[in-house]
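Q: Take this structure first; my questions come after.
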Amino acid sequence: MADNIVQLQDGNFKEEVLESGIPVLVDFWAAWCGPCRMIAPVIEELAADYQGRVKVCKLNVDENGKTAQEYGVMSIPTIIIYKDGREVNRLVGFMPKANLSKALDQVL
């Protein structure tokens, strides 16, 4: 896992995501999920590309079901982009890096 990706848990979600001073991309994933494993390298590339401008985080839904349920995550991978503590975009399933970059560029 890349050093510039924040590992989220139920206990630090509010502090790391909702109270962040910069936009936050959260990857809701699980170890058994094939598409989650496919998108993981894309998430790592985005963390490097947007370092300092966007906080990139991952939340394992199996270990942190409370947060996943609270935010209505029904399918994984789900990528939610937050800005100023609010959800501004939600993308579900595997997608090319260009789609995610476009979504991030819209909030910057």
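Q: In segment 5-107, what is the count of Lys pairs whose alpha carbons are under 14 Å apart, counting only pairs at least 8 residues apart or on separate chains?
A: 5
Q: Could you pull out the chymotrypsin sites (Phe, Trp or Tyr not before Pro) across segment 1-73 that fall in loop regions by DSSP (anything but H, G, I, E, B) with no more than 14 other Cβ atoms inside 10 Å?
A: Listed in order of number, the matching sites are Trp32.
Q: Continuing with this model, one more query. Would you mind calculating the gained length between Met38 and Lys97 on full extension (0.36 nm times residue separation, minus the Cα-Cα distance), in nm to one decimal?
A: Computed gain between Met38 and Lys97 is 20.1 nm.
Q: With loop defined by DSSP as not H, G, I, E or B, and exposure as at most 15 other Cβ atoms within 10 Å, which is the longest segment of the chain clear of exposed GluC sites (Glu not before Pro)?
A: Answer - 64-108.
Q: Where Lys and Arg each count +1 and Asp and Glu each count -1, what net charge lies around Leu91 among other residues with Cβ under 11 Å from its Cβ?
A: +1
Q: With a cut-off of at most 13 other beta carbons within 10 Å, and DSSP calling the residue loop, which trypsin sites (Lys or Arg not before Pro) in segment 1-66 qualify? Please list them.
A: Arg53
Q: Moving on to the next point. Note the listed values (i) 29, 19, 12; (ii) 23, 17, 12; (iii) 18, 17, 13, then indicate which one is semi-axes √(5λ) of the Cα gyration tensor in Å calculated from this particular structure.
A: (iii)
Q: Select from Gly65, Val24, Gln9 the residue farthest towards the positive end of the dipole of segment 5-107; place +1 on Cβ of Lys and Arg, -1 on Cβ of Asp and Glu, and compute about the Cα centre.
A: Ranked along the dipole, the leading option is Val24.
Q: Give me the one-decimal nm value for the distance between modelled label points at Glu63 and Asp49, 7 Å along each residue's Cα-to-Cβ direction.
A: 2.7
A short reminder: the numbers here are calculations on the coordinates, not readings from a lab. Predicted model, so just to flag it, every value in this text is computed and none were measured. Cβ sites come from the backbone with ideal geometry, for glycine too, and all protein chains shown count toward neighbours.
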